[in-house]
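Working notes for the structure below.
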Amino acid sequence: MHKITNLKYLGIIILSLLLLFAFITPLISNIDPNEQDLMNSLVGISSQYFFGTDQFGRDMFIRLAYATQLSVSLAFFITLSSIIPGILLGVLAAYKSGIIEKSLTLFSDMILALPGLLLILLVISFSPGNTILLHLALSLTLWVEFYKVSRAKTKTILIQPYIEATKLLGFSSFYILRKEIIPGLYGIMITLSTFTMSTAIISLSTLSALGVGVQPPTSELGNMIVDFLPYFDDRPLLIALPTIIIFLLVLSLQLITNKGNKNV
């Protein structure tokens, strides 16, 4: 039986608190995150504004909650749309071998050969700021790892003697897939998907900071950091807050996946 380490507990607690902040705050607040109030521009922390306001007088607490919700949601769906084709194609390649495996592996190698950022910029250049294209672009670069790992793991499982015995007993490929392959992939795919979520969160923030990701006035952690750069001297907290949230999101995911030592 696996034992959950203190670090993993810490990761779960941090991630839970961030998810509560991101998804519960908008439900209990009726404040519009994009509502401007120039009379209250760059107000400091107070009982009315927990994290102060930005240059347009918008409530930072609410905007950060929406930005965190957007980052987590997009990262989750990007991971999901990477893991599904990655596993399906990986298992298919391992099962069929031959020309199918060679073709799929060649295609995945071609994706890897392209610089990831260049590929993403190429896709979203058709409609900068389009969230769907951003989603597709990131998924296109991230599914390859799932393909390669699931293909290698499936090939390892398929050569095991008990699999040969199962085939000789007349069990179908679907039965072997359901009873042996999928359970064999479960652990490593959970770990890989957590790392992919971390990568997606950082990539989304980086692309938004470069001006090709989520566009203002939609609140997003990356574009918030860039928006506040001119006010760094007067209000460094404006930049620190989204940066800290990105850090905590990635840290919590890493701690949850971290196997640490033999006790995990």
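Over all other residues within a Cβ to Cβ distance under 15 Å of S41, the charged ones net out to -3, with Lys and Arg as +1 and Asp and Glu as -1. Counted as membrane-span-like here are DSSP H helices of the chain whose alpha-carbon atoms extend 15 Å or more along the helix's own axis and whose Kyte-Doolittle mean is -0.5 or above; these are 6-28, 60-96, 98-113, 131-158, 182-209, 236-257. One decimal place: the segment D233-L133 gains 32.5 nm when fully extended, by the rule 0.36 nm per residue minus the C-alpha distance. Using the beta-carbon distance between S73 and Q215 and R0 = 22 Å, what value does 1/(1 + (r/R0)^6) give for FRET efficiency, to the nearest 0.05? Once the sixth-power term is evaluated, E becomes 0.85.
For the range 1-117, what does the alpha-carbon gyration tensor say about shape, rounded, prolate or oblate, given a ≥ b ≥ c as the root eigenvalues, a/c under 1.5 as rounded, and a/b over b/c as prolate?
Details: a/c = 3.75, a/b = 2.11, b/c = 1.78.
Because a/c hits 1.5 or more and a/b exceeds b/c, the range 1-117 counts as prolate.
Ranked by the mean number of other Cβ atoms within 10 Å of their residues, highest first, the peptides 105-115, 223-233, 148-158 fall in the order 148-158, 223-233, 105-115.
The orientation-averaged projection of the convex hull spanning the C-alpha atoms of the range 153-211 amounts to 5.2 square nanometres. About the centre of its Cα atoms, the range 142-264 shows a dipole size close to 880 debye [charges on the beta carbon of Lys, Arg (+1) and Asp, Glu (-1) only; nearest 20 debye]. Highest mobility in the GNM of the chain, judged by mean-square fluctuation with C-alpha springs under 10 Å and restricted to L64, L92, L27, is found for L27. Taking the inverse of the mean reciprocal distance over all distinct Cα pairs, the Kirkwood hydrodynamic radius of the chain comes to 20.7 Å. Accessible surface area normalised per residue over the chain is 54 Å², counting heavy atoms of protein chains with a 1.4 Å rolling probe. Entry for the range 203-264 at q = 0.21, 0.29 Å⁻¹: log10 I(q)/I(0) = -0.81, -1.16, Debye formula applied to identical alpha-carbon scatterers, no solvent contribution. What a 1.4 Å probe finds exposed on the chain is 69% carbon and sulfur by accessible area, rounded to a whole percent. Residue by residue, the range 223-231 carries 3J(HN,Hα) couplings of 6, 5, 4, 5, 4, 8, 4, x, 9 Hz when phi is fed to the Karplus relation 6.51 cos²θ - 1.76 cosθ + 1.60 (θ = phi - 60°); x denotes Gly or Pro.
The values are calculated or read from the model by the stated rules, or taken from the named source; none is laboratory data. Predicted model only: the values in this text are computed from it and were never measured. With ideal geometry, Cβ positions are generated from the backbone for all residues, glycine too; neighbour counts draw on all protein chains shown. Ligands, DNA and RNA are excluded from the accessible area calculation, which covers all protein heavy atoms including side chains. Shrake-Rupley method; radii C 1.70, N 1.55, O 1.52, S 1.80 Å.
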